[in-house]
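The values are calculated or read from the model by the stated rules, or taken from the named source; none is laboratory data. In this text, all values refer to a predicted model and were calculated from it rather than measured experimentally. Neighbour counts are summed over all protein chains in view; Cβ atoms, including those assigned to glycine, are modelled from backbone coordinates with ideal geometry. Remember, those area values only see protein heavy atoms, side chains included, never the ligands or the DNA or RNA. Shrake-Rupley method; radii C 1.70, N 1.55, O 1.52, S 1.80 Å.
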Amino acid sequence: MRSILLTISIFTFVLSLNACKTEHIGYSGLGKVPIYLPLAALDDIGSQAPQAVEQSGPIYLIGDFFFMIENRKGIHVYDISDDEQENSLVFIKIPAVTDFTIDGNFLYADSWRDLVTIDISDIYNVVLVSRIEDVFDPFLYPQLYNGPFECVDESQGAVVGWENQELENVYCRTIN
Amino acid sequence: MKSILQIICLSLFILSACESSSDFAFDSNNNGVSGSITRFATLGDFMYTLNPNQLQTFDISNPEQPVLLSELETDYGLETIFIYDSRIYLGAKTGLYILGLDNPAQPNLLSQTERSEEFFGACDPVVVKGNYAYSTVKTIVNICGTISTQSALLVYEVSDPENPVLTQTFGLNNPNGLAYTDEYLYVCCTGSEELRVFDISDPANVLETPELNYPIEDPFDIIVDEDRMIVSTLDDFVILSIDEIGAIEYVKTIDK
């Protein structure tokens, strides 16, 4: 009985919260919601079989090796020395990555709020060697998009993408 | 028996030779080239990275353990970094920043060019050659999520880094990345679906060379490596070559 009363009172409380919120009038309708990755999964960095390009990002050329970001997923690596053959070598998985550079045998990239250093001397077996936490300010809104979206809740993890969804009472919007 | 051993040895040798030739090994003297749209750059023992309102300096002399040395606060809106001749050039929503590297551990601000309002706010890479900086600004929603009311290539004379002077402006349709050879500047013009080519052999008098423009779908960023050119598009990349007279020839596409 007591628990039912408790449930009812919580229910009433939630209703009253909702009532408060509707006074501000959030947006309801089609928009974007973040896709989260738990922070513990950010260290899942490594070489994988080549993957198809979905959306290209920052690029880098060293010798005949060409690197191209796959936004928030990793980095494609190609050997472009041969004009005839397609030479996709490997995909370096780096969750939440958006940009990078290379110096010597090391690749430096953002990984959500962190800087990661990756030893790429063996491109087929890259190794995460260090992570410096909380140095970058990642985008907390969907890029290439103009409209409402569900605000990012960082307690759910790193944002690794956005998907279209029916939104209810959201207060975030890209401003252009 | 001996000959069998020889064959085994020989085949082992061939195998190992094959293996080593397919190994991925960097030549440490072989400096890489970045596209123009990036927030990371290295110079010697230092790496510079951008937050929207900060230039960060890392010591990477021990590459396995970078150390954050300093953070230089700026206005909000830093987007791209380009290092040239011991100076840092930053493309930002508000204009062009030039920083000195007398102390590479702590870059100092030399100038901040305020763009006129019609060019305010876009994802704006900058490249520098000699005493001139070339920067694109654009109108539509882009990867940086903002808009300006005009699209253009802006040319700045930067021989006095504390007083850059806007020398020329060319209207363009949604330009993105850019790169140059000794004679030509190539601009990814997403709006007009082409590489726009400019003659920069006399940078005080940059000329459009429409006869050299090259059609390409959704060009986004570009790297020029001697006579080879790589253009990334929205979902693939294209390799092109440049002949002696500057004409662009198709080599191949790698796509989905």
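For this structure, a couple of remarks:
- Within segment A:63-94, tally of residues that are of a type outside the set (D, E, K, R) and open to solvent by 10 Å² or more (accessible area, probe 1.4 Å): 8
- Across segment B:180-205, the qualifying residues are those that are open to solvent by 10 Å² or more (accessible area, probe 1.4 Å) and not in a loop (DSSP other than H, G, I, E, B), and the one among them that is nearest to B:E217 (Cα to Cα) is B:E194.
- Residues located in segment B:206-251, provided they are surrounded by 15 or more Cβ atoms within 10 Å (Cβ to Cβ), in a strand (DSSP E or B) and of a type outside the set (A, V, I, L, M, F, W, C): B:Y214, B:P219, B:D221, B:D225, B:R228, B:S232, B:T233
- Meets criteria (open to solvent by less than 40 Å² (accessible area, probe 1.4 Å), under 23 Å from B:N205 (Cβ atoms), in contact with a strand residue (DSSP E or B) (Cβ under 9 Å, 6 or more places away or on another chain) and modelled with pLDDT of 95 or more) for B:V137: no
- First in segment B:235-256 and over 14 Å from B:D225 (Cα atoms) and within 7 Å of another protein chain (Cβ to nearest Cβ), second anywhere and part of a strand (DSSP E or B) and among the aromatic types (F, W, Y), Cβ under 6 Å, 6 or more apart: B:I254/B:F237
- Any hit, segment A:134-157, residues being over 23 Å from A:G31 (Cβ atoms) and buried (at least 17 other Cβ atoms within 10 Å of the Cβ): yes
- Here A:V129 fulfils each of the conditions (1) open to solvent by 30 Å² or more (accessible area, probe 1.4 Å); (2) in contact with a Leu (Cβ under 9 Å, 6 or more places away or on another chain); (3) facing chain B (nearest Cβ under 7 Å) apart from (2).
- Restricting the first member to segment B:198-210 and to residues that are over 18 Å from B:V165 (Cα atoms), and the second to residues that are assigned to a loop (DSSP other than H, G, I, E, B), the beta-carbon pairs closer than 8 Å and six or more apart or on different chains are B:F198/B:V206; B:F198/B:T209; B:D199/B:E183; B:D199/B:V206; B:D199/B:T209; B:S201/B:D182; B:S201/B:E183; B:T209/B:G246.
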